[in-house]
Amino acid sequence: MMTSHNKFALSGLAYERAKKVMPGGNTRSSVYESPFPLYLRSGKGAYVTDVDENCYLDFQNNFTALIHGYGHCGVNAALTEQINKGLSFANPTESEIELAEIVCERVPFFEQVRFTNTGSEAVMMAVKAARAITTRPRIAKCEGAYHGNYDYVEASFDPVPADWRTQAAQATAYNEGTPQSLLGEVVVIPFNDSDATERVLERHKRTLACVVIDPLPSRAGLVPIDPSYLRFLRDFTARNGILLVSDEVLSFRLSYRGAIATYGIEPDLCTFGKIVGGGLPIGAVAGRAETMRVFDPSRGKPAVSQAGTFTANPLSMVAGAAAMRALNEDAMERLNVLGAQARSELDRLLAASDIGGHVTGAGSLFCVFIGDTKVKDYASAYRAWQQRQRLSRLISLCRDEGLLLSRIGLGALSTPMGDAEIAALASRFARALNRLAEAPAAVA
């Protein structure tokens, strides 16, 4: 944080406590901030309050998961009722059937679904399913794309971009200690570049189990997938017996029927989570019944076994069902219209400023970039993020104006928001941007 600590004294004290019992005072790397993070106490609607009683308009929404913001009456009522019945059981409950029916009704190719506790776990299970179905070892993923914490999909999460005109990229480790043998099972492809991707996939097509794709990769610039690129991937994978996995853990909120369905493309498996849990931990993998039978234990040991103490726990199930019922087509459309309005307002402010920059995103999501680099893929996003110190300063200034964005400039709308919140976003962002422009030397 870059401003006076007096305003955040209790957050500072909380961090001192945290450092004694957690490494670096932290149990989620994504929320670490120097010299200390903001500790939140409560939320209501589109707003949150920190431990020092400062109030903020929140566009973080727990990294896009809280599509209904805080204190949604339907979600809270469902949780209150379930708490009195029981928190979790060693047997299934009808609540998991209800949520499964809701999501399968929404998406045309969802015939069956399997729940997990996190999006990372859902992607892991989809990859394992692809290997079991194809009996092939390798996976392909886009350079710079984030698909969770599974070793294979986190490869090449933040590498120096390759020059795809002259060479292919080798998978690189994100965490220290990643075995080289593991990296050899990962094929890296460039997002939205059909020609270069085809050259790479053609060389590995006989050993590929799946291609994992995010229709709106947050860490590759939050740039929507090109429809022609998606069609190419679907055609190539179908021709060569490779499964196409659509990772929509973040992007499932793009439409009432998810992300990839809006393109008229059907993947073999889809992973999703975040908004589907109503604010509680959840992940899921879904697809046609023929594909999902890889998980079926009713005929003996399944090809892919999956369990988990808290998988399909009734709290996540009832919260998710309440959230999904409230997120009807009209609510989704209204939210996406507001999202387009937010991107337009922020774009206009950046274009008129001395700082420069632009906004990417789709639906109810946006990502702010500053500087002259036009973000269209991972390589350009990587270059734009080289201004991370200045962007970090802008995010801190937004916070001082009562506006919360993620530290990479990502923002997510929630259904309690309306025109007033978009106007507040624009005015608070404008003040932060002006303050940044007035003191460029301090952040050079």
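Tabulated results
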{"quantity": "Those aspartates and glutamates that a straight Cα-Cα span of less than 17 Å connects to residue 85, excepting residues fewer than 8 apart in one chain", "calculated": "94, 96, 98"}
{"quantity": "Residues 301, 128, sorted so that the one with the fewest Cβ neighbours within 10 Å comes first", "calculated": "301, 128"}
{"quantity": "Magnitude of the charge dipole, segment 95-196, Cβ model with Lys/Arg +1 and Asp/Glu -1, debye to 20", "calculated": "360 debye"}
{"quantity": "Proxy reagent accessibility, fewest Cβ within 10 Å first, across 337, 375, 368, 160", "calculated": "160, 337, 375, 368"}
{"quantity": "Relative contact order %, the chain, counting alpha carbon pairs below 8 Å whose residues are six or more apart", "calculated": "20 percent"}
{"quantity": "Furthest towards positive pole of dipole, 80, 350, 91, structure part the chain, Cβ charges", "calculated": "91"}
{"quantity": "In order through segment 101-114: 3J(HN,Hα) via Karplus (6.51 cos²θ - 1.76 cosθ + 1.60), integer Hz, x for Gly, Pro", "calculated": "5, 5, 6, 5, 5, 6, 10, x, 9, 7, 9, 9, 9, 10"}
{"quantity": "Distance in nm between pseudo-label sites at residue 301 and residue 228 (7 Å out along the Cβ direction from Cα)", "calculated": "4.9 nm"}
{"quantity": "Positive-end residue of 277, 11, 318, charge dipole of the chain with Cβ unit charges", "calculated": "11"}
{"quantity": "Long pairs among 128/205; 7/274; 128/274; 7/44, criterion Cα-Cα beyond 23 Å", "calculated": "7/274"}
{"quantity": "Whole-angstrom gap from segment 129-183 to segment 257-306, using each part's C-alpha centre", "calculated": "22 Å"}
{"quantity": "From the C-alpha gyration tensor of the chain, square roots of 5λ in Å", "calculated": "34, 28, 21"}
{"quantity": "Mean projected area (nm²) of the alpha-carbon convex hull when segment 283-325 is viewed from all directions", "calculated": "4.0 nm²"}
{"quantity": "Pair residue 353, residue 163: separation of 7 Å Cα→Cβ label points (nm)", "calculated": "3.4 nm"}
{"quantity": "Gyration tensor verdict on segment 186-319 (Cα atoms; rounded if a/c is under 1.5, prolate if a/b is larger than b/c, oblate otherwise)", "calculated": "oblate"}
{"quantity": "Percent of alpha-carbon pairs separated by more than 16 Å within segment 15-108", "calculated": "72 percent"}
{"quantity": "Positive dipole terminus of segment 73-326, leading residue within 137, 107, 220 (C-beta point charges)", "calculated": "137"}
{"quantity": "Peptides 170-182, 104-116 ordered by average Cβ neighbours within 10 Å, highest first", "calculated": "104-116, 170-182"}
{"quantity": "Neighbour-count order for 8, 310, fewest beta carbons within 10 angstrom listed first", "calculated": "310, 8"}
{"quantity": "Coordinate range along principal axes, alpha carbons of segment 107-167, Å, largest first", "calculated": "42, 25, 25"}
{"quantity": "Share antiparallel - DSSP beta bridges, the chain, percent rounded to 5", "calculated": "60 percent"}
{"quantity": "DSSP-defined antiparallel bridges as percent of all bridges, segment 73-326, nearest 5", "calculated": "40 percent"}
{"quantity": "Listed peptides 287-294, 404-411 by packing density, highest first (mean Cβ within 10 Å)", "calculated": "404-411, 287-294"}
{"quantity": "Helix-only CD estimate at 222 nm, as mean residue ellipticity for the chain, using -39500 (n - 2.57) per DSSP H run (n ≥ 4)", "calculated": "-11500 deg cm²/dmol"}
{"quantity": "Charge dipole (debye, nearest 20) of the chain; +1 at Cβ of Lys and Arg, -1 at Cβ of Asp and Glu", "calculated": "720 debye"}
{"quantity": "Tail fraction, Cα-Cα pairs, segment 73-326, threshold 24 Å, whole percent", "calculated": "46 percent"}
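Values quoted throughout were computed directly from the atomic coordinates according to the rules given, and no laboratory measurement underlies them. The model shown is predicted, which means the values in this text are computed figures rather than measured ones. Don't worry about glycine lacking a Cβ; one is built from the backbone with ideal geometry, like all the others, and counts go over all protein chains shown.
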